[in-house]
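Below is one structure, written out as structure tokens, with a few remarks after it.
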Amino acid sequence: MAFLVATEGFERFSYYGMQALLVLYMTGHLLKPGVIDHIVGFSTFRPAVESVFGRLTNQALATVIVGLYGGGVYAAPILGSLIGDRIGRRGTVTVGLAIMVCGHFLMAFETMFLVALACLLVGSGLLKGNVAAQVGALYAPTDSRLDQAYSIFYMAINIGAFFSPLACGTLGEVYGWHYGFTVAGIVMLAGLGVYLSGWRYLPAGSAKARAVGPAPGRADLPRLAAMGVLILVAALYWTSALQIGNTYNLWVRDRLDRSAFGLTAPVTWFQSVDSIGVVIVAPAVIGFWRWQAARHREPGDLSKVAWGCLIFAATLLWLGLGELLAGHAKVPLLWALAFHLFTALGYLYFAPVIVALLSRAAPANATGAVISIYYLAICAGSIASGWLSRFYGVVGDAEFWAIHAALTASGGIVLLLFRRPLTKALAISSPMAA
């Protein structure tokens, strides 16, 4: 178990390090005249992207690339898991780690930028789903330790998400972009070593579950339609949420007063603040839900998801309000810190709850497919966030965040308006479903 937890932590270190640096690196260096012309394959890549997204400035192109990269990270594991099913997970994860190591070290060479991104996407796809499946294969489905194992596993995600922007971001911003990418490569190389050292203890085969119950039929259509509504709401939520790793970095760079105690915080540190915000807020949220449950007042999962959307939308309006109040001055540092605490609250009401809701509501033999579709919704949200980023600097900053707030709030409003028919269609037996 420890080997898998460490491997996942290293992979998340890679992803969040890239998320912290990527848009800053492209807008601050890579896509500038004299550099952009030497990127291998870029003369073909840019027209291909613009044929879909329209004419793009260099800054807009950078945000679109971040959106495409983030979308690929969530879509690729679906194919990677299928490969792991057929050729074995240990070998698939090992190859994925090796490819990611190559991708990070290639990021140190400007000309190989697109090749490096392709390696990181392929490697992450081979690794991510298969490592999670190996955790499940360590225990029987009825083993009470399985829930604890996944709790520890997801803790590794938060640890990687917290430390990576501090390490990669500080080195990249302060000392040079390639230092940030190189340290991510070194960490992934360590991850490969850790995984290989635990090779003999890890499950080798696939984690395919035997079919239980009949396949979805016509009677399941209302439930599938209701889950389709949830998937659409998820895409709207993630369109806004994934801006924190994309355009929000540019906003922090350009509009936030990052100084405190005579020091100026690097832009990338705010990605770590976003991660630690979840850790800080989570105990309070869980305690609040328990307090409500003891009084039979805890909202159902659909209501929680809806309120998650509305809370997140309100935090985006908070950014817009900060812009309006600041005027031509920069937005105060405490304004951004409050933003991250409240986005953590919205995230906790939304992300873990909707996954649990979809898992319980999925028809027999379709749980894996439903969760895969959910990750495709995150992929779609990432791509949409990249497309919307083209309007940053075109419309006012307050208007930019208000657009995202409207998108996210619309999903929450739909769930609240149609809560009863959706609950009935989902056919959830839990008393907390409403």
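The table for this structure:
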| item | result |
| --- | --- |
| Enumeration of residues in the stretch 64-114 that are of a type in the set (Val, Ile, Thr), over 24 Å from LEU4 (Cβ atoms) and touching a helix residue (DSSP H, G or I) at 6+ places or on another chain (Cβ under 6 Å) | VAL64, VAL66, THR111 |
| Qualifying residues in the stretch 65-111 (those that are farther than 30 Å from THR239 by Cβ and among the β-branched types (Val, Ile, Thr)) - the one surrounded by the most Cβ atoms within 10 Å (Cβ to Cβ) | VAL93 |
| Out of VAL212, VAL229, sole residue that is surrounded by fewer than 24 Cβ atoms within 10 Å (Cβ to Cβ) and modelled with pLDDT of 90 or more | VAL229 |
| Selection count, the stretch 318-332, where residues are surrounded by fewer than 17 Cβ atoms within 10 Å (Cβ to Cβ), in a helix (DSSP H, G or I) and either small (Gly, Ala, Ser) or within 26 Å of the chain's Cα centre (by Cα) (or both) | 1 |
| Qualifying residue in the stretch 294-310 (condition: part of a helix (DSSP H, G or I), assigned by TED's automatic domain parsing to the domain that holds VAL229, surrounded by fewer than 18 Cβ atoms within 10 Å (Cβ to Cβ) and free of Cβ contacts under 8 Å to residues at least 60 places away in the same chain) | yes |
| Subset of the stretch 241-279 [of a type in the set (S, T, N, Q) and surrounded by 17 or more Cβ atoms within 10 Å (Cβ to Cβ)] | GLN243, ASN246, THR247, ASN249, THR268, GLN271, SER272, SER275 |
| Scan of the stretch 1-31 for residues that are modelled with pLDDT of 80 or more and aliphatic (A, V, I, L, M), ordered by number | MET18, ALA20, LEU21, LEU22, VAL23, LEU24, MET26, LEU30, LEU31 |
| Count of residues meeting criterion [under 14 Å from LEU192 (Cβ atoms) and surrounded by fewer than 24 Cβ atoms within 10 Å (Cβ to Cβ)] in the stretch 112-136 | 1 |
| Subset of the stretch 399-428 that is small (Gly, Ala, Ser) and part of a helix (DSSP H, G or I) - its residue that is farthest from LEU319 (Cα to Cα) | ALA425 |
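The values are calculated or read from the model by the stated rules, or taken from the named source; none is laboratory data. Quantities reported herein were computed from a predicted structural model and do not represent experimental measurements. FYI the Cβ positions are ideal-geometry reconstructions off the backbone, even for glycines, and counts take in every protein chain you see.
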